[in-house]
Amino acid sequence: MIVPRNCPLSMLLVATLSLGACSALPTSGPASWDVRSSQPKVPDTIPYALVKLDAKISTILAQFTPRLSNAFANRSPPREFRFGIGDIVSVTIFEAAAGGLFIPAEAGVRPGNFVTIPNQSVDANGNISVPYAGPIRAQGKTPPEVQQAIVAALANRAIEPQAVVSLFEQQTSLISVLGEVNVPARFPASPSGERILDAITRARGPKSQGFDVWVTLERQGHRATVPFGALIYEPSNNIYVRPNDTIYLYNEPQTFLAFGASGLQGQFKFDAWRISLAEAVGKASGLADFRADPASVFLYRGETREVAERIGIDCSQFPGPIIPVIYNVNLRDPAGYFLAKTFEMRNKDVVYVSNAVTVETSKFLEHLRLIMATVNDPIVYTTNAYTLKQAIQGTGNVTTITTPTPLSNTTVVTPTIQSPGSP
């Protein structure tokens with residue numbers, strides 16, 4: 001830095017201190033220009049993408065809200081029931097006349113020519129046993145398919161045989177509902193089909209209010225989670241359950257963090273199944289009137305690579321499936337409040353409000369004043385102590401130079417020189 005010869009000492013001091021003042025001054029977080037800078041200030045810092053929020057981006061993000069209807073694309077009712085290993089099966093065989101394979105000749109007085117085989121379970125090989133028909137495949141078959149197999153096996157031995165096969169006790173096509181429900185249960189799947197809320201109702205519903213409850217559906221090794229409110233307010237999430245599904249409810253309050261120049265800082269609960277960015281800022285008591293820069297409201301979130309690419313982020317510099325994204329909304333613009341109302345908060349989001357530039361300037365000037373006072377105070381104290389000592393000793397040749405009166409545009413005041421004993 002080149003300094004002119006006639007540069008006052010105070011200007012030199014200000015220029016020197018300003019080079020490192022921004023990093024030395026106390027603050028609640030990064031300055032707005034640090035967030036917007038593409039060059040990291042700290043070595044080996046985590047790279048992030050800065051996105052200015054607009055209506056288009058808000059619409060794209062709304063399409064990627066977690067939904068069961070997206071995670072499990074097949075929303076059709078369950079197919080007809082099929083037997084599984086362990087199911088208890090009832091088999092009844094009819095013949096057209098007495099004297100056949102199952103009905104003796106003297107049984108003509110019976111009300112019907114049929115015989116009921118003792119109930120049996122589908123064995124480990126997936127079969128049931130029918131006399132004179134041998135093992136009949138049941139696993140993965142519907143009752144009509146098992147009936148046809150029995151009739152085909154007895155066609156040449158019984159008199160016009162017919163069979164009725166039914167499920168006596170269901171052991172495999174079950175649905176489990178557990179967790180924060182009043183009566184955790186494992187119950188048979190309904191052949192007519194039922195939805196997730198129907199299954200939760202059979203478990204007597206959640207224990208607590210729904211806005212803090214999450215619902216996880218696990219099916220064939222695939223898992224998806226949504227807030228309980230999403231099942232109620234977005235019917236597309238209330239998909240059909242299928243045999244062997246597991247539904248797990250757990251209680252975890254949705255929260256966000258607020259830092260910087262907001263009215264309050266800390267962790268805040270949603271107390272609803274979803275809230276907007278505008279509501280989140282309101283929960284944190286809005287923006288601090290004498291500190292906040294309304295144009296520098298930032299939201300920190302990790303987005304999936306698919307979402308980041310859809311909103312126009314170059315993901316080539318980011319490793320891994322999650323992209324760190326900082327959204328910026330300008331609340332100095334009246335339209336920014338409409339955008340903040342449409343931007344949906346997610347669990348564990350971080351909201352940061354940067355200080356205004358004038359706040360940083362006033363901090364620097366106060367810092368400068370403190371430095372100047374720190375340098376000047378020892379000189380004043382030493383001078384006063386020396387003067388007092390000489391006055392006590394009665395030394396007559398001591399002079400004290402008082403602080404000059406500041407110069408004005410019209411008056412020039414010279415320093416006053418006083419000697420001990422002078423009037």
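For the reader, a short list of remarks on this structure follows.
- Using the Cβ-Cβ distance between ILE232 and THR92 with R0 = 41 Å, the FRET efficiency computed as 1/(1 + (r/R0)^6) comes to roughly 0.40.
- Sequence-distant residues sharing a close amide H with ALA356 (under 5 Å, placed H): ALA292, ASP293
- Estimated vicinal HN-Hα couplings, Hz - the stretch 220-226 in sequence order (Karplus 6.51, -1.76, 1.60; Gly, Pro = x): 6, x, 9, 9, 8, 9, 9
- Gained length - GLU306 relative to ASN244, 0.36 nm times residue gap less alpha-carbon distance: 19.2 nm
- Label point 7 Å beyond Cα of GLN220 along Cβ direction - residues of the stretch 75-98 with amide nitrogen under 15 Å: 75-80, 82
- From phi via Karplus (6.51, -1.76, 1.60), per-residue ³J(HN,Hα) for the stretch 149-165 in Hz, x at Gly/Pro: 5, 5, 4, 5, 6, 9, 4, 8, 10, 9, 8, 6, x, 9, 9, 10, 10
- Förster-model FRET efficiency, 22 Å R0, ASP314 and LYS52, C-beta, rounded to 0.05: 0.90
- If R0 is taken as 41 Å, the Cβ-Cβ distance between SER166 and SER276 corresponds to a FRET efficiency of 0.15.
- Accessible surface computed residue by residue for the stretch 161-300, with neighbouring protein chains in place and a 1.4 Å probe, gives 47 Å² per residue.
- Computed from backbone phi, the HN-Hα couplings of the stretch 116-130 come to 9, 7, x, 4, 9, 9, 5, 6, 4, 8, x, 10, 10, 10, 10 Hz, rounded to whole numbers (Karplus: 6.51 cos²θ - 1.76 cosθ + 1.60, θ = phi - 60°; Gly and Pro given as x).
The values are calculated or read from the model by the stated rules, or taken from the named source; none is laboratory data. From a predicted model like this one, the values you see are computed outputs, not experimental measurements. Neighbour counts run over all protein chains shown; Cβ positions are idealised from the backbone, glycine included. Please note that ligands, DNA and RNA were not included when accessible areas were found on the heavy atoms of the full protein model with its side chains. Shrake-Rupley method; radii C 1.70, N 1.55, O 1.52, S 1.80 Å.
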